[in-house]
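Below you'll find the structure, written out as C-alpha cells, and then a few comments.
Derivation of every value follows stated rules applied to the coordinates shown; laboratory data play no part. As the structure is a prediction and not an experimental result, all values here were calculated from the model. Note: ideal-geometry Cβ built from the backbone for every residue, glycine included; neighbour counts use all protein chains shown.
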Amino acid sequence: MLANPATKYRRATTVDMTNRQWPNQQIEKAPVWLSTDLRDGNQAIFEPMSVATKLRFFDELVNVGFKEIETGFPAASQIDFDVIRTLIDEGRIPDDVTPMVMTQARDDLIERTVQSVIGAKRAIIHIYNSTAPVWRNTVFRMTVPEVIDMVRQRVQTVKRLTDAHPETEWVLQYSPECFNMTELDVALQACNTAIDTWNAGPGRPIIINLPTTVEWSTPNVFADQIEWMNTRLNRRAHVVLSVHPHNDRGTGVATAELAMMAGAQRVEGCLFGNGERCGNVDIVTLALNMYTQGVHPGLDFSNINAIARVVEECTQLPIHPRHPYVGDLVYTAFSGSHQDAIKKGFDKQIDGGIWEVPYLPIDPKDVGRTYDSVIRVNSQSGKGGIAYILEREHGVVMPRRMQVEFSAVVQQESERTEKEVSSTELWSLFQRTYLIATEQGAVQTRFNEQGGQTRAVLKWQQSGEAISVEGTGNGPVDAAVNALQQQFGPFNVVSYEERSQGQGAQAKAVCIIEASSPDMPAGRFGVGIDDNIVMASVKALMSVVHRLGLQATVHCAHD
Ligand SMILES: CC(=O)SCCNC(=O)CCNC(=O)[C@H](O)C(C)(C)COP(=O)(O)OP(=O)(O)OC[C@H]1O[C@@H](n2cnc3c(N)ncnc32)[C@H](O)[C@@H]1OP(=O)(O)O
Ligand SMILES: CC(C)C(=O)C(=O)O
C-alpha cells in the first residue's frame, strides 16, 4: 500500500448543496422493485444461466412479488433472446408483471432487442451509455455534445421501432452508466435529452435509472446527487426516478436507502446481493430493513430459506452464513450475555405484541426460520443460553442458582473439547451430572401412613450390597429425607421444585432439589425424572446426596 494514497486515488466530488432535504426524510413506502438477477446477476457468475434455469428463476421472482423483472440482454446472447421469447410466446408473464430487456445504445443491438419483446403486453426497453469522463474519453472517445447526440439518436431509434408496435405498452428506461462519477450537469443533460426525445407524458412513461455502476463515494454524496437530479429532471410527473446501486465499498444498501430518502421511487438490485464484483444492492436486505421498521416492502420473504436455495442453485454461488436475514448463523447467539438477554426477551415477549427480543432485529418466524438454533453453546456461552436450550428442547426449567452451577460444568466441558456443545451433548452432560446416580441403581420405595405420619422404606443396591433404609416424616419427601439421613448423615433440603416434562400421557415429572450439608454449606442441586411424582422426588434426593459427596455413614437395615 502507498504511504500517501492521495497520489493515486481521487476523492469523490461532493455536491454543493445548502438546503438538502433528504436527511429529514424517512422511508414510508415500498419503492417499485426491479430484479436484475437475470441480467446483472447473470453477468457475474461463472456459468451464465441456461434457458431452463432462467425460467425457473423468473418464476421464483414472480412468487416473491416482483412486478418488474429484467430478463437479460437479448441482443448479446441467444439464451437471453430465447428466454424472453419463451416467456412471451408461452404466456408465462403474469398480467401485472413487466419484463425489461437491456441493450447498449447501438442501433443494431436496439433493433434485435425490440424484436425480442414483440407481442408482450407491456415491456421496458432499457438502453444505457456511460456518461462519466473516463468512459467518454477512453471508451467512446467522444465529447459531451457527441455523447448527448448519441443519446438523442438512440432514443429516436427506440421510439421509431416501438411506435410500429402500438399493441404493446412501451416504457423506455434510460441509464447514464457511471452516473455517480459523472458531472451532474452532464448527467442531467443526458437524462433530459432522453426524456424529451421519448416525449415522455401521459401514456409514454420513462424510467430514469441512476446507477452507482462502481460505488465510489459515501452514501450521503449519492443521496445529494439523487436529490439534485430529482428537482431538475424535465417532465418530472412522467418520470419514474430509479437507482441501481452496486456494492464496491460495501455500502450498497445504505446508498439505496439514502437515495430513497432523496426521492428515488424505484430500486434495481439482486436477491442476496449477487451481481458484478461486490454485487448489486441486496434487495432482500433492503426489503427486510423496511419490514423491521414497520413498512411492508411488498415482497414476500416468508420462506426465505427456500428462496435462498433456489438462488444458490441457479447462480451456483453460496450465501454467506452471516448474510443479513438469511445466513445460517444470523439468528444464533453464542455469547453468554446475548443468550441471557434473548432468553429473558422470549420469556417476556407477548404473542402479537411489538417485537422486543434483544439482539434479534426480526422475529425469525416472520421469514420462516425457527428458534431452534437461536442459542448455541460454546466456551463463550453463559447460563442463560444453556437454560434456554434445556428448557426449550428438553423441558427442564432450571432454577437460577442451578443455572449458575450447571453453566460451570458446561464451560469446563467446552474448554476441554474446544468445540461447540450441541443440544444433544448438552443433554447428555446434564444427565451425566444430575441423573446418573439415580439411573445406575434403581431405588425401590414403599410409603405408608402411620398415625398421621408417612413412613418411607427405600431400597437400592450399592457396591454389590443391598441397602434398605427407613424414615418417617410429615409427607413422602420428608420421610425419604429422614430415611436417607440414616444412611448418609445430615443434609438439609434448601429448595424443591417440581414441573412436568412433555404433555399428556407421555408427561414425566421433573423434580429439582437443592440441598446443603455441613461440608458443603453452599449446596448442590440434584434432579430426578420419573413418570411418578414421588419417585421423581426420591430420585432427586438420591442425586443430590451423590452430588454433595455424602458417603454412607451408618449401614442400617440390610436386606
Ligand atoms: C454496467 C453494466 O453492467 S452494463 C452491461 C454490460 N453487459 C454486457 O456487456 C453483456 C453483454 N454484452 C456483450 O455480450 C457484448 O458487449 C455485445 C455482444 C453486446 C456487443 O459485442 P461487440 O459488438 O463485440 O462489442 P463490445 O462489447 O466489444 O463493445 C465495444 C463497442 O461498443 C461500444 N459501447 C460500449 N458500450 C456502449 C454503450 N452502452 N452504448 C453504445 N456503445 C457502447 C464501445 O465504445 C465499443 O465501440 P468501438 O468498437 O467503436 O470502440
Ligand atoms: C444500469 C446499468 C447500466 C448497470 O448495470 C450499471 O451501471 O451498473
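Taking the charge dipole of the chain about its Cα centre, with +1 at Lys and Arg Cβ atoms and -1 at Asp and Glu Cβ atoms, the residue from ASN303, ILE45, VAL534 reaching farthest to the positive side is ILE45. Close amide H partners of THR98, meaning residues 5 or more places away or on another chain with modelled amide H under 5 Å apart, are GLU68, ILE69. With all projection directions averaged, the alpha carbon convex hull of the chain covers 36.2 nm². Along segment 121-128 the Karplus relation, 6.51 cos²θ - 1.76 cosθ + 1.60 evaluated at θ = phi - 60°, assigns HN-Hα couplings of 5, 9, 8, 10, 9, 10, 10, 9 Hz to successive residues, with x for each Gly and Pro. Between 0 and 90 degrees, the angle of helix 383-394 with respect to the longest Cα principal axis of the chain falls at about 80 degrees.
Summarising the label geometry, the points placed 7 Å from Cα in the beta-carbon direction at THR472 and SER373 lie 6.0 nm from one another. Label segment 447-525 by shape, choosing from rounded, prolate and oblate, from the square roots a ≥ b ≥ c of the eigenvalues of the Cα gyration tensor; if a/c is under 1.5 it is rounded, and otherwise prolate applies when a/b is larger than b/c, oblate when it is not. Rounded.
Just need the Rg to Rh number for segment 1-82, please, alpha carbons only, Kirkwood Rh.
Across segment 1-82, the Cα-based Rg/Rh ratio is 1.20.
Electrostatic bookkeeping for PHE334 treats Lys and Arg as +1 and Asp and Glu as -1; over the other residues with beta carbon under 10 Å from its beta carbon, the sum is 0.
Approximating the spin labels as points 7 Å out from Cα along Cα→Cβ, the SER495-to-ILE354 distance works out to 3.3 nm. Hey, could you get me the Stokes-Einstein D for segment 239-356, Kirkwood radius over alpha-carbon pairs, 10 °C and 1.306 mPa s, rounded to whole µm² s⁻¹? Roughly 99 µm²/s, to the nearest whole number. Applying 1/(1 + (r/R0)^6) with R0 = 56 Å to the Cβ-Cβ distance of TRP427 and ARG277 gives a FRET efficiency near 0.75.
Here the calculated FRET efficiency for ASP300 and PHE447, from their Cβ-Cβ distance with R0 = 51 Å, stands at 0.30, rounded to the nearest 0.05. To the nearest ten degrees, helix 304-315 and the longest principal axis of the Cα atoms of the chain are 50 degrees apart. Rounded to 0.05, the FRET efficiency of the MET520 and HIS320 pair, given R0 = 45 Å and the Cβ-Cβ distance, is 0.40.
Could you sort the peptides 540-550, 6-16, 354-364, 178-188 by per-residue average Cβ neighbour count (10 Å cutoff), highest mean leading?
540-550, 178-188, 354-364, 6-16
Here's the list of lysines a cross-link from LYS365 could span, going by alpha-carbon distance under 26 Å and ignoring same-chain residues fewer than 8 apart: LYS29, LYS67, LYS343, LYS344, LYS348, LYS383. Whole angstrom only: what separates the Cα centroid of segment 289-335 from the Cα centroid of segment 414-431? Between the Cα centre of segment 289-335 and that of segment 414-431, the gap is 29 Å. Label-to-label distance for PHE140 and ASP328 is 4.7 nm, based on points extended 7 Å past Cα in the beta-carbon direction.
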